[in-house]
Structure formats: C-alpha cells, structure tokens
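Engineer: Before anything else, here's the structure in question.
Just so it is clear, none of the values below were taken in a lab; they were calculated from the coordinates. What you are looking at is a predicted structure, and each value in this text was computed from that prediction instead of being measured. Positions of Cβ are generated from backbone atoms using ideal geometry, with glycine treated the same way; all protein chains shown enter the neighbour counts.
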Amino acid sequence: MCTWFTNTTAQNTVCWSVIHFLDKDSSKRHDSFRNSEWGPEAAEALAREVRVFKVPGGKDGKELTMAEYIDRTPSDLMSKVMLEEIVFDTWYGGRTVLLGDACHKMNPSGGVGGIHAIHDAVTLANWMSTLRLADEEKLGKVFKKYRNERYPVAKAAFATSQMLTHNFGKNLLSVLIREMMKRIPVWVFKRIIYKMYASRPQASFLPLVEDNAPLKPSYQYSLHKTLAINKELAKKATGSSTISNTPVTV
Ligand SMILES: Cc1cc2nc3c(=O)[nH]c(=O)nc-3n(C[C@H](O)[C@H](O)[C@H](O)COP(=O)(O)OP(=O)(O)OC[C@H]3O[C@@H](n4cnc5c(N)ncnc54)[C@H](O)[C@@H]3O)c2cc1C
C-alpha cells in the first residue's frame with residue numbers, strides 16, 4: 001500500500017517521501033477533515049510505520065532502511081499531507097478572487113502546483129495593473145479575464161499531474177504506463193514537457209526578462225494585452241506611450 005523514494009539535492013542532503021495509498025476503509029481512518037491528520041504527530045506516526053522499508057544503498061553488507069533517514073530528519077521538517085485534487089469552476093465573486101491551491105489543487109506527482117500559483121499571481125497582477133479605479137464592476141471584468149486565461153492552463157496541468165501519478169502507482173495500469181514511458185520517442189516527451197511548461201506569464205509592469213530557455217513560451221495573453229492597455233493609458237495621461245519594461249537578462 002506504499003511507494004517510497006529518496007532523492008539527493010544540490011546541497012548534499014537527501015529528501016525522502018512515502019506515499020500511502022488509501023482504500024475505502026483506510027480512507028475513513030485518515031479523514032482529511034480531522035485536524036489531527038495535519039499536525040506533526042500524524043507525520044511522526046506514519047514515519048514509525050515505514051521505518052523498516054528497505055532503500056538502495058547500505059555499507060559493509062548492512063541493509064539501509066528508511067529508519068536511517070527518518071532518525072536524521074528534524075521532526076519540524078517532516079510533514080504529512082492528505083491528497084486533495086480539484087479544479088474549482090468559481091474563482092471570484094464580488095471583490096474576492098482566488099489563486100493557487102485555493103482554486104486548483106493538483107496532484108503533487110506533477111510538481112507544478114507552486115509554479116501555477118505564482119503564474120496565477122503574475123497574470124492577476126497584470127490585469128490589476130490596468131485598473132485605475134477598483135470598483136466592483138471593473139474588478140469583476142479583470143477577474144474574468146484572469147480566470148479565462150488561467151483556467152484552461154490549470155485544467156491541463158491538473159490532467160498532466162494526474163497522468164504522472166502513474167510514476168508512483170502500484171496497480172497494473174501504472175506498471176504498464178511506466179514501461180511505456182521508458183520507450184516513448186523524444187518528440188512525444190518534448191510535447192509533454194511543452195504542455196507542462198510553455199505557459200510562462202511575465203509581469204507586464206516590470207522590466208521583461210529575456211527568456212533563453214530552449215522551450216519557447218506560448219503566447220502570453222495578459223502580458224501583451226495589458227502592455228498595450230497600459231501604453232494607451234500612459235499616452236492619455238502624459239502624451240507619451242513610453243513605459244519602462246525593456247528586457248533585462250537574468
Ligand atoms: C508533497 C508535495 C510536494 C509538492 N511539490 C511541488 C513541487 O515540486 N513543485 C511545485 O511547484 N509545487 C509542488 N507542490 C505544490 C505546492 O506546494 C502548492 O501548490 C503551493 O504551495 C500552493 O501555494 P498557495 O500559496 O496557493 O497555497 P499554500 O502554500 O497552501 O499557502 C496558503 C497559506 O495560507 C495559510 N492559511 C490557511 N488558512 C488561513 C487562514 N484562515 N488565515 C490565515 N492564513 C491561512 C496557510 O497556512 C498557508 O501558509 C507540492 C505539494 C505537496 C503537498
């Protein structure tokens with residue numbers, strides 16, 4: 001019922017994770033609505049259950065187990081999270097708007113939830129930068145533009161993240177998909193990567209960053225549209241359409 005993995009970091013440390021798959025019965029015992037399931041005690045309780053799991057490595061013929069890692073992990077750095085997956089349809093109402101996990105909770109297998117939270121913030125800020133008067137009607141209009149731009153991207157990332165759960169799954173389908181993924185042609189792999197990372201919004205009200213990544217970004221709607229709107233507004237206010245957002249290299 002578990003998958004566990006370790007990975008090394010650039011800081012010469014090791015990170016570890018254990019995924020506990022729940023069925024109908026066990027999911028009742030691990031109810032995500034119980035606060036006790038989220039605290040450090042819950043993480044420690046799960047860690048106790050998985051200490052004996054073997055991991056590759058070991059010295060002088062001695063087997064390595066998860067216990068070696070768990071004992072070296074400060075308890076405040078251990079956390080247990082319950083799986084939540086959903087893309088909500090409603091992202092705003094009145095003067096309130098949602099971004100990140102509040103409106104789209106993706107499977108951690110994809111490793112993109114945080115990226116999309118930041119991209120939401122950039123896109124929302126772009127549209128907000130066109131407002132001179134934040135009354136409810138105008139806010140509603142920019143919230144709608146923000147949601148229209150980000151919702152399809154969040155939906156696609158949600159689907160890709162679900163597909164990537166097979167990297168860790170224990171059932172036959174996951175095993176077959178893993179075998180298939182080892183054999184997919186490079187061009188298919190590139191398409192998957194493009195789908196995951198092509199949407200890279202930049203802030204239109206800051207100096208633009210030169211994007212030198214081999215994977216070109218897709219059309220950045222809010223960047224181009226709000227740049228044009230802000231130029232027009234600047235022209236009206238000062239008679240000049242110059243706004244400072246020349247590219248800088250980072
Ligand atoms: C195991 C795991 C691995 C992941 N790996 C990756 C990865 O490799 N790459 C990646 O991009 N993403 C990853 N993610 C996803 C990423 O962590 C989230 O998508 C991201 O943190 C969402 O950011 P957020 O600001 O929307 O929400 P959060 O980071 O959840 O921030 C919300 C904040 O609001 C606070 N809060 C909640 N309620 C209240 C309240 N009533 N009053 C005041 N404050 C409140 C919370 O304490 C929290 O600090 C991973 C997630 C998990 C669970």
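Engineer: Would you look at the GNM of the chain, springs on alpha carbons closer than 10 Å, and say which of L215, L77, L233 moves the most?
Structural biologist: Of the options given, L77 has the highest mean-square fluctuation.
Engineer: I've got another one for you. Using DSSP loop states and a limit of at most 16 other Cβ atoms within 10 Å to flag GluC sites (Glu not before Pro), what is the longest stretch of the chain containing no flagged site?
Structural biologist: Working: sites that count: E63, E84, E85, E210.
Of all site-free stretches, the longest is 86-209.
Engineer: Taking only DSSP H segments of four or more residues, each worth -39500 (n - 2.57), what value at 222 nm results for the chain once the sum is divided by all its residues, to the nearest 500 deg cm²/dmol?
Structural biologist: Values: 8 runs with 107 residues, N = 250.
My calculation for the chain gives -13500 deg cm²/dmol from helical runs alone.
Engineer: Scan the chain and report its longest stretch carrying no chymotrypsin sites (Phe, Trp or Tyr not before Pro) that are both in a DSSP loop and have at most 13 other Cβ atoms within 10 Å. Display every interim value, and only then the final one.
Structural biologist: Details: sites that count: F33, F88, Y219.
Longest run free of exposed loop sites: 89-218.
Engineer: Roughly how far apart, in whole Å, are the Cα centres of the range 83-97 and the range 116-150?
Structural biologist: Computed from Cα coordinates, the inter-centre distance equals 14 Å.
Engineer: How tilted is helix 221-238 with respect to the longest principal axis of the chain? Cα atoms for both, answer in degrees (0 to 90, nearest 10).
Structural biologist: Long axis of 221-238 versus the principal axis of the chain: about 30 degrees.
Engineer: Mind checking the angle between helix 113-128 and the chain's longest principal axis? C-alpha axes, 0 to 90 degrees, to the nearest 10.
Structural biologist: Approximately 10 degrees, to the nearest ten.
Engineer: Report, by chain and number, residues whose modeled amide H sits under 5 Å from the one on S218, excluding near sequence neighbours (fewer than 5 apart, same chain).
Structural biologist: Distant-sequence amide H within range of S218: S199, R200.
Engineer: Can you check what the net charge comes to around H104, using other residues whose Cβ is under 15 Å from the Cβ of H104 (Lys, Arg +1; Asp, Glu -1)? The partial results should precede the final answer.
Structural biologist: Numbers: positive: K105, R147, R150, K155; negative: E84, E85, D89, D101, D120, E149.
Summing Lys and Arg as +1 and Asp and Glu as -1 gives -2.
Engineer: Can you pull out the trypsin sites (Lys or Arg not before Pro) in the range 151-192 whose DSSP state is coil and whose Cβ has at most 12 other Cβ atoms within 10 Å?
Structural biologist: Numbers: sites: K155, K170, R178, K182, R183, K190, R191; in loops: K170, R183.
Loop-located and lightly packed - K170, R183.
Engineer: For K235, go through the lysines and keep the ones whose alpha-carbon is under 24 Å away, minus same-chain ones fewer than eight residues off.
Structural biologist: Candidates past the 8-residue exclusion: K138, K141, K145, K225.
Engineer: Which value, to two decimals, describes the C-alpha radius of gyration of the chain once divided by 2.2 N^0.38 Å? Display every interim value, and only then the final one.
Structural biologist: Details: Rg = 22.8 Å, N = 250, 2.2 N^0.38 = 17.9 Å.
Computed over Cα atoms of the chain, the ratio equals 1.27.
Engineer: Further question on the same structure: For the chain, modelled as a Gaussian network with Cα springs under 10 Å, which listed residue fluctuates most, A203, A102, A154?
Structural biologist: A102
Engineer: Compute the distribution of all C-alpha to C-alpha distances in the range 117-191, in bins of 10 Å from 0, and list the percent of pairs in each, rounded to whole numbers.
Structural biologist: Each 10 Å bin holds this share of Cα pairs: 16, 30, 21, 17, 12, 3.
Engineer: Equivalent-ellipsoid semi-axes (√(5λ), Cα gyration tensor) for the range 37-125, whole Å, largest first? Kindly include the intermediate steps, with their values, before the conclusion.
Structural biologist: On the way: eigenvalues 292, 43, 25 Å².
Three semi-axes, in Å: 38, 15, 11.
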